[in-house]
Amino acid sequence: MNSITDVAGVRVGHVQRMGEGWLSGVTVVLPPVGTVGSVDVRGGGPGTHETDALDPTTLVSTVDAVVLTGGSAFGLASASGAQLWCEEQGRGFAVPGTVVPIVPAAAIFDLGRGGDVKARPDADMGYQAAAAAFASGDHAAVGRGNLGAGTGAVVARGQFKGGIGTSSITLDGGVIVGAIAVVNALGSPLFSGAAARPSADRAAPPEGLNTTLVVIATNAVLDVAECKRTASAGHAGLARALDPSHTLADGDTVFALATGAVELDRSTEQARQVSLITLQSAAAEAVRLAILDGVLSAESVSTAAGDFPAYRPAGE
């Protein structure tokens with residue numbers, strides 16, 4: 001499928017609203033029970049929820065769902081809906097009488113892009129996106145472009161449309177590394193090393209903040225610290241795809257999930273290092289490809305509708 005759902009057990013659900021002031025949505029990445037996860041936040045303007053719980057030094061090591069949402073900090077309310085869905089399914093950290101689902105979340109800034117600054121995702125949309133992810137089944141196609149958390153995304157201060165993109169890479173030994181990205185970046189996408197620019201001038205790009213959100217998933221066995229390092233490696237792919245990246249006006253955040261189905265070669269210390277470096281290099285490339293897939297998927301639809309100009313290489 002060339003998507004994050006090539007990793008067995010990983011499912012993706014989108015919910016969005018358009019019209020009547022709305023242009024926003026929620027995307028939920030639902031991994032198998034017992035998936036290990038971590039995160040690396042590098043943007044200067046992040047909007048996040050429960051990311052501290054993913055530090056390698058904290059109590060829990062598993063992640064029950066990851067919520068990517070529009071609506072800036074207000075949209076983080078959608079995480080509570082996904083958390084409620086997980087609780088109903090018995091997914092979470094066991095406590096007396098119930099479970100507490102570990103559901104980290106991150107938001108992009110899309111406030112007012114549909115016309116109403118108060119039209120932003122809520123808990124019900126998060127619940128619906130989690131349910132949609134579960135219902136999609138294993139190895140399902142992932143929607144790309146302007147849907148879910150990418151519904152109201154734009155790139156380069158509104159010069160281009162942004163959106164959802166995904167990719168996957170298969171390594172020797174059956175290891176798969178996939179990524180999904182919500183591209184709402186301040187920077188311009190880099191194709192073949194050159195920044196894109198619009199084929200026609202656009203007057204007064206809309207103001208607003210920005211963010212690129214990424215979830216990396218692999219079927220490899222990783223501990224929390226190795227997931228943290230994999231998330232860090234993913235930021236290299238983000239920097240290769242967008243110029244500039246990790247700015248003060250971006251909330252760039254990368255999550256990493258490991259389902260633990262395939263063992264890496266750890267027969268010697270050298271083999272362990274080579275295995276991890278290979279996987280993390282693939283993670284960076286998967287992130288780069290997912291970001292470019294997101295802007296191309298969104299641009300092909302919006303250009304056909306006459307909303308945004310087409311891309312062309314800088315200097316052309």
| note | Residue hits (region 239-263; part of a loop (DSSP other than H, G, I, E, B) and of a type in the set (D, E, K, R)) are D252, E263
| request: Say whether the condition of being in a loop (DSSP other than H, G, I, E, B), under 17 Å from the mean Cα position of the chain (by Cα) and charged (D, E, K, R) is met by at least one residue in region 28-42. | output: yes
| request: Name the one entry in D110, D116, D64, D138 that is in contact (Cβ under 8 Å) with a residue 60 or more places away in the chain, buried (at least 24 other Cβ atoms within 10 Å of the Cβ) and assigned to a loop (DSSP other than H, G, I, E, B). | output: D110
| said: Looking at G152, G178, G148 in this structure, which one is surrounded by 21 or more Cβ atoms within 10 Å (Cβ to Cβ), touching a Gly at 6+ places or on another chain (Cβ under 8 Å), under 19 Å from N2 (Cβ atoms) and modelled with pLDDT of 95 or more? | reply: G148
| remark: Restricted to region 11-41 and to residues being among the β-branched types (V, I, T) and under 25 Å from D110 (Cβ atoms), the residue surrounded by the fewest Cβ atoms within 10 Å (Cβ to Cβ) is V41
| field | Flag for V295 being buried (at least 22 other Cβ atoms within 10 Å of the Cβ) and at pLDDT below 95 | value | yes
| note | Per the list (1) out of contact with any strand residue (DSSP E or B) (no Cβ under 8 Å at 6 or more places or on another chain); (2) modelled with pLDDT under 95; (3) not aliphatic (A, V, I, L, M), residue check on H139 breaks on (2)
| request: Can you tell me which residue within region 47-61, out of those that are under 22 Å from V182 (Cα atoms) and not hydrophobic (A, V, I, L, M, F, W, C), is surrounded by the fewest Cβ atoms within 10 Å (Cβ to Cβ)? | output: D52
| Looking at A283, is it surrounded by 24 or more Cβ atoms within 10 Å (Cβ to Cβ) and either in contact (Cβ under 8 Å) with a residue 40 or more places away in the chain or under 13 Å from the mean Cα position of the chain (by Cα) (or both)? | yes
| Residue among R312, R288 that alone is at pLDDT below 95, of a type in the set (K, R) and either over 21 Å from G174 (Cβ atoms) or part of a helix (DSSP H, G or I) (or both) | R312
| Scanning region 74-107 for residues that are in a loop (DSSP other than H, G, I, E, B) and in contact with a Cys (Cβ under 9 Å, 6 or more places away or on another chain), which turns out surrounded by the fewest Cβ atoms within 10 Å (Cβ to Cβ)? | G92
| If G44 passes every condition in (1) surrounded by 22 or more Cβ atoms within 10 Å (Cβ to Cβ); (2) modelled with pLDDT under 95; (3) of a type in the set (G, A, S) but one, which one does it miss? | (1)
| field | Odd one out for D124 among (1) surrounded by fewer than 17 Cβ atoms within 10 Å (Cβ to Cβ); (2) touching a helix residue (DSSP H, G or I) at 6+ places or on another chain (Cβ under 9 Å); (3) not in a helix (DSSP H, G or I) | value | (3)
| query | Looking at this structure, is T230 within 18 Å of the chain's Cα centre (by Cα), buried (at least 24 other Cβ atoms within 10 Å of the Cβ), at pLDDT 95 or above and not in a strand (DSSP E or B)? | reply | yes
| note | Apart from one, (1) at pLDDT 95 or above; (2) assigned to a loop (DSSP other than H, G, I, E, B) all hold for T218; the odd one out is (2)
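The values are calculated or read from the model by the stated rules, or taken from the named source; none is laboratory data. These numbers were taken from a predicted model, which means no experiment stands behind them. Cβ sites come from the backbone with ideal geometry, for glycine too, and all protein chains shown count toward neighbours.
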